[in-house]
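To start, the structure itself, in structure tokens.
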Amino acid sequence: MKKVLVPVVVLLAVLLANPSFALFDSKFEAEATKETEAVKLVRDTAAGGYNLLTAAELKKMIDEGKDMVIVDTMPYEDSYKKEHVPGAKQFLFPIPDMKEWDAKETDGKTQADFEALLGPDKDKPIVVYCGFVKCTRSHNGAVWAKKLGYKNVYRFPGGIFAWKGAGFPAEEVK
């Protein structure tokens, strides 16, 4: 028994001491990653000129019957069709910054198509989201809503992951 136990203890000690095992360092690495994501979100928000919403804030707006347009920027078949925030409309945006309108990146749709989806009331709240905080499709959607003159543009950065993580029900296309 002792002959088996000693090698196991030595192996565990080596694994735990190895930085690539990262059992003890992972909380620091995770914090560095969170910090990078948070700073990017703040910088994107400032550059885009839009506001941010949490899942709870969006849910409250929906529950209160707030007149708004909710835009899911994820691909239709792979994401939106399977689950989306109740009442959301789908309009695909790319992940990389889209400085100029590129219909190849928006599933063949034009600026006019996006404006038609958002409606004529430039004061109506527009809420744009994608899958999760690191996904920048929602950033592109929010930036383009601002470029088109909409004044009350919100990005819901946590997207469908935060929505479901908060325990809120999602819809699917039937």
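What follows is calculated from the coordinates using simple rules that are stated; it is not laboratory data. Nothing here was measured: the structure is a model prediction, and the numbers come from that model. Note that each Cβ is placed from the backbone with ideal geometry, even for glycine, and that neighbours are counted across all protein chains shown.
So the values come out like this:
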item	result
In nm, spacing of pseudo-spin labels at Ala116 and Trp101 (7 Å Cα→C-beta vector)	1.2
Simple Cβ-charge dipole of the chain, Lys/Arg +1 and Asp/Glu -1, about Cα centre, in debye nearest 20	440
Leading residue at positive end of dipole, the range 36-165 (Cβ point charges), from Val39, Leu118, Trp101	Val39
Nearest-0.05 FRET efficiency for Lys134 and Val39, computed from C-beta distance (R0 22 Å)	0.95
Residue of Gly149, Gly48, Gly131 that the Gaussian network model of the chain assigns the largest fluctuation, springs spanning Cα pairs under 10 Å	Gly149
Matching label, volume of the Cα convex hull per residue in Å³ computed from the structure shown, candidates [x] 102; [y] 112; [z] 172	[z]
Long-range amide H partners of Val127 with built H, under 5 Å	Val69, Ile70, Val71, Tyr154
Fluctuation leader among Ile126, Ile95, Ile70 - the chain, Gaussian network, Cα springs under 10 angstrom	Ile95
The range 96-174: GluC sites (Glu not before Pro) falling in loop per DSSP and having at most 10 other Cβ within 10 Å	Glu100, Glu172
Loop chymotrypsin sites (Phe, Trp or Tyr not before Pro), the range 52-158 (other Cβ atoms within 10 Å of the site Cβ: 10 or fewer; DSSP)	none
Sparse-neighbour loop sites [GluC sites (Glu not before Pro); the range 25-66; at most 12 other C-beta within 10 Å; DSSP]	Glu64
